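The values are calculated or read from the model by the stated rules, or taken from the named source; none is laboratory data. The shown structure was predicted, so the numbers you read here are calculated from the model rather than taken from an experiment. Note that we place each Cβ from the backbone using ideal geometry, even for glycine, and neighbour counts take in every protein chain shown. Calculation scope for accessible area: heavy atoms of the full protein, side chains included, ligands and nucleic acids excluded. Shrake-Rupley method; radii C 1.70, N 1.55, O 1.52, S 1.80 Å.
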Amino acid sequence: MEPLIQIENLRHIYKTHAALSGVSFTVHRQSIHGFVGPNGAGKTTTLKILSTLLQPQSGSVSVFGQDIVRNRKQVRRKIGFMPDHFSMYRQMTVFEYVDFFGAAYGLVQAERDKVIADVLALTDMDGRKNDLISGLSRGMQQRVSLARVLVHDPDLLLLDEPASGLDPRARIELMEILEELRRLGKTIFISSHILSELATLCDHVTILDRGKVKYTGSMSGLISNEQSEVATYTLILAAEHPEAASAIAQLPGMTRISPPLPTSPRYTLNFERGKLPVNTILQTALGNGAQIVGFHEEFKHLNQAFMDLTEPGVRP
Amino acid sequence: MNALLALFNRSLRQDSRAKSTYWARAGLVSLICVMMITTRLSMGWIGAPGLQFFATVISTNYLFISLAGLSFFSSAITEEKEEMTLGLLRMTNLNPLSILLGKSTSRLFSGLLLLAVQLPFTLLAISFGGISLVQILASYCALMAYVIFLSNLALFASVVSARTAGAAILTGFLLVLFLFGHYFTLGILSVLHWMGMIRFSTPGTILQAFLNGWKILLPSTRFEEVLSTGFSGSLLSPQIYGNLALGLLFFAIAWASFDFFCRDEKDSTPRRFLFRPGPKTVGIASAFRIFNAGRAWKAALIWKDFHFLAGGKLTVFIKLLLYLLLPYGGILLANGNGTLQLDEYGYTYLWSMVVVFFAELVVMAGRIFRQERRWQTLSSLAMLPISIRRLAYQKVLGCLVGCWPTFLIFLGGCLLLLMANWADAVLWWSNPNRDILHSLALQLDWRGVGAFVGVVALVLFFLHLVVDLSLRFKWGALPLAIGITWLLNMIALPFSIYSMGEASFVAIPLALIAATIFLHFRIGLRLEKIAGEE
């Protein structure tokens, strides 16, 4: 896939505190790229640099192949940044707010009419367009904020904690909107603390801790155990079968087979990936007369991957 | 008792730990020292230098205390309302009295301490001659009573208002009423008398006595009395008793009304006029729609700041009416017999609009970026594909669009002047030997040009200073800018003229222009920094 954001050895220091210490990663076009890290990891600083609000102190950052310092104006036209706070003109109506930003980005009125109708429909705010923003709930304000970001049709969306403070319904609806945006061809770079939602939404992820990248790559690569020497699989049989279980336990390379759960004949197998092919396990089970209902690799939960990669405690 | 004074103790402790407290005291003492040096230098050519020096100190204090009333004191409760933390304070053991004591009385103590710290230095005025110990102590007593009155007046405004700006406006209004109300009342009475609606008989005498009593309460009246040659009266006076009583009264009202005004947490979003016609709205009522903001203009930032910072069409309409009527009312008050000539009307409208325009600019300068900062909207604006400087200029233009009633009435004043002098103008224009440049050259010399440029540069410097300070301080930018500019006028300008002579007509405007350019770039950098920090 074609890279859209390329960050190389990015460093940023606030007085004596190093917020970013040599951060490098790539975001691919038309992907949803999650950006995860504990508080104070440097996520917001990275997003502010990407959105041209902060100048990088060292390292290089290019968006759409353009350097964000030298081509700031061109980059700004193609990105939409939603900060982690509700920075809105609360005394405006929803329509006035989106209309204002449309005009500020240079759209003529006819264009604006169409775009505003589209973005308000996408964010499901068209029924509330004449309401004052100050009277809207937090979830609705977040939708208006997203509509504002979309009004100039940016190719890249930078979203800083868009789901924070939202109720479960509003969060799920926001994620649905983001998936719809991906289908429309947008690239989304999203920072969030809600890992479960990122795991299902994002195809790529970068984990940042204490200003350093701990992981960057595909989401499946992070949560699968491909890198690990010991594989974890689940074998589900039609009925409990001690003979088959015993035969599998004898296979060379099998390190552990857990007893079946009391409620279902489900076995967890741990074996050395290089020594024992999965087909051998299946053949052994079938050869002993067991009826196989399911067999799949166990993925780590993103929470676990996050905990494994980041250090405990507060950053000094 | 502990709960009652908990917040008060905490505020005093915080003040004593804050560096700004000591910087303010050191700054004040340094200022007094500069004034002393200036007095010492001019001892040869002014009479009663000690009195002159002390009068300057007292008038500086008087000005700064009045300005503090509009900012430092009036934000005591509203800052908690704006931060939505007043509810949290009320959920604790703190009752309204302890909140008032903690938030306002601690500030009053800081103010009184600032006065106390000056006393040993100002006592040196006695050695300059022309002033006695009693005069100095009596003046400070009068000032302290005034501080107590003003802080409690501002506290009342802060309790009643939802926002700091509202509290400052209410404090300013009540203060102007207190300081100048008796003049207005006298003016209104003379107009009514001229119109034959009242006669000055017995009730008039009672009214006169009331107005005289009011005047006695003013610190300025007391200073006039105390700083007159040979004063040897008491340290205490009706002004002190009156100011203390009024202060106590305002504190009591603030306390009594605290629950009523601060019971509910209110949204501090700036208010706006938004007319929404219902299905049954017809006729004239639906015409109010014209005052709505409507669609964004191509110049979107100008549209936004005109409608949402300068007040929009309705405010412009109200301003137009007010600016037409108020100078006319002033003319009536000042000249009860109403026999003014056309050119006098012209001058009144022209000059009053100059003053109004300056006042509008000052208010806008204080708010233009403060609102963006408060609502953290600078980052959204900074993301627009225009430079931060262009963004700032468009915002300024938006505010200027809101000033068109001022321009219109100013032009009306010019027109009245032209009409009044039409015959002279026609005569001059029909003269075949007229030479505009020669006429101008006759009326202007380089010092005049220098002074004019200096005044314009001073205004620009002042406006930039207000903007710059509004980006640094949460409140009080405008009073602080007024104070700094006033000090510059009091100390730096006379000193420059004294040391440089006629060259100061060039040096001062140049220095002001340089300072303005410096502030201009500093504002740009500051805006970029704030946008990045949000």
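In the range A:167-237, what GluC sites (Glu not before Pro) fall in a loop by DSSP, with at most 16 other Cβ atoms inside 10 Å?
Sites meeting the loop and neighbour criteria: A:226, A:229.
From the gyration tensor of the Cα coordinates in chain A, what semi-axes in whole Å does the equivalent ellipsoid have, largest first, with each one equal to sqrt(5λ)?
Semi-axes from the Cα gyration tensor: 46, 24, 17 Å.
Any chance you could check the Cα centroid distance between the range B:211-279 and the range B:512-527 for me, in angstrom?
37 Å
Taking 0.36 nm per intervening residue step and subtracting the Cα-Cα distance, what contour gain separates residue B:314 from residue B:492 on full extension?
59.8 nm
Using a probe radius of 1.4 Å on heavy atoms only, what accessible surface per residue do you get for the protein assembly as shown? Whole Å² is fine.
Per-residue accessible area for the protein assembly as shown comes out at 49 Å².
In chain B, what is the volume of the convex hull around the alpha carbon atoms, normalised per residue and reported in Å³?
Output value, Cα hull per residue: 239 Å³.
Short version: what are the Cα gyration tensor semi-axes of the protein assembly as shown, square root of 5 times each eigenvalue, largest first, in whole Å?
One finds semi-axes of 67, 34, 28 Å for the protein assembly as shown.
Accessible surface of residue A:11 in the full protein assembly, 1.4 angstrom probe, to the nearest 10 Å²?
It works out to around 100 Å².
I'd like the projected area of the range B:297-423, averaged over all directions, using the convex hull of its alpha carbons. Report it in nm² with one decimal.
Approximately 9.6 nm², given one-decimal rounding.
Which value, in Å to one decimal place, does the Kirkwood hydrodynamic radius take for the range A:131-260 when every pair of different Cα atoms is included?
Every distinct Cα pair counted, the radius reaches 18.6 Å.
Keeping every protein chain in place, order A:248, B:517 by accessible area at 1.4 Å, biggest value first, i.e. largest first.
B:517, A:248
Considering only protein heavy atoms and a 1.4 Å probe, what is the carbon-and-sulfur percentage of the accessible area of the protein assembly as shown?
Percent of accessible area from carbon and sulfur atoms in the protein assembly as shown: 64.
With every atom except the alpha carbons ignored, what do you get for Rg and Dmax of the range B:6-262, in angstroms?
So, for the range B:6-262, Rg and Dmax equal 20.7, 64 Å respectively.
Could you pull out every residue, at least 5 positions away or on a different chain, whose amide H is within less than 5 Å of the one on residue B:269? Hs are placed 1.01 Å off N in the peptide plane, and Pro or chain starts have none.
none
Compute the normalised compactness of the range B:445-534: alpha-carbon radius of gyration over 2.2 N^0.38 Å, N being the residue count.
Rg over 2.2 N^0.38 Å, computed on Cα atoms: 1.23.
Nearest 100 Å², what total accessible surface is buried between chain B and chain A (probe 1.4 Å)?
Answer for the B-A pair: about 3000 Å² buried.
Give the shape of the range A:74-120 as rounded, prolate or oblate, defined through the alpha-carbon gyration tensor: a ≥ b ≥ c are the square roots of its eigenvalues, a/c under 1.5 means rounded, and otherwise the shape is prolate if a/b is larger than b/c and oblate if not.
Taking the square roots of the gyration eigenvalues as a ≥ b ≥ c, the range A:74-120 is oblate.
Could you size up the charge dipole of the range B:6-262 around its Cα centre, putting +1 on the beta carbon of Lys and Arg and -1 on that of Asp and Glu, and report it in debye to the nearest 20?
280 debye
Suppose R0 equals 56 Å. What FRET efficiency, 1/(1 + (r/R0)^6) with r the Cβ-Cβ distance, do residue A:6 and residue B:325 give to the nearest 0.05?
0.30
In vacuo Debye scattering of the range A:1-100, one point per C-alpha: log10 I(q)/I(0) at q = 0.20, 0.24 Å⁻¹?
For the range A:1-100 at q = 0.20, 0.24 Å⁻¹, log10 I(q)/I(0) is -1.08, -1.35.
Largest first, what is the accessible-area ranking of A:16, A:280 with a 1.4 Å probe?
A:16, A:280
If Rh is defined by the Kirkwood formula over all Cα pairs and Rg also comes from Cα, what ratio Rg/Rh do you get for the range B:47-114?
1.22
Within 10 Å of each Cβ in A:53-60, how many Cβ atoms from other chains are there, averaged over the peptide?
So the per-residue partner count for this stretch is 2.
If B:21, A:263, A:206 are ordered by their accessible area, calculated over protein heavy atoms with a 1.4 Å probe, which sequence runs from highest to lowest?
A:263, B:21, A:206
Using the Kyte-Doolittle scale, find the helices of chain B whose mean hydropathy is at least 0.0 and whose Cα atoms extend 30 Å or more along the helix's long axis, counting only whole DSSP H runs.
Taking the DSSP H segments of chain B (at least 30 Å long, mean hydropathy at least 0.0), we get B:19-41, B:49-70, B:133-160, B:164-194, B:238-262, B:312-334, B:342-367, B:446-470, B:504-533.
Taking springs between alpha-carbon atoms closer than 10 angstrom, which of A:46, A:232, A:268 fluctuates most in the Gaussian network model of chain A?
In the Gaussian network model the winner is A:268.
Counting pairs of Cα atoms in the range B:54-167, how many percent are more than 22 Å apart?
42 percent
Rg and Dmax of the range A:229-316 over Cα atoms: what are they, in angstrom?
According to the Cα coordinates of the range A:229-316, Rg and Dmax are 15.9, 59 Å.
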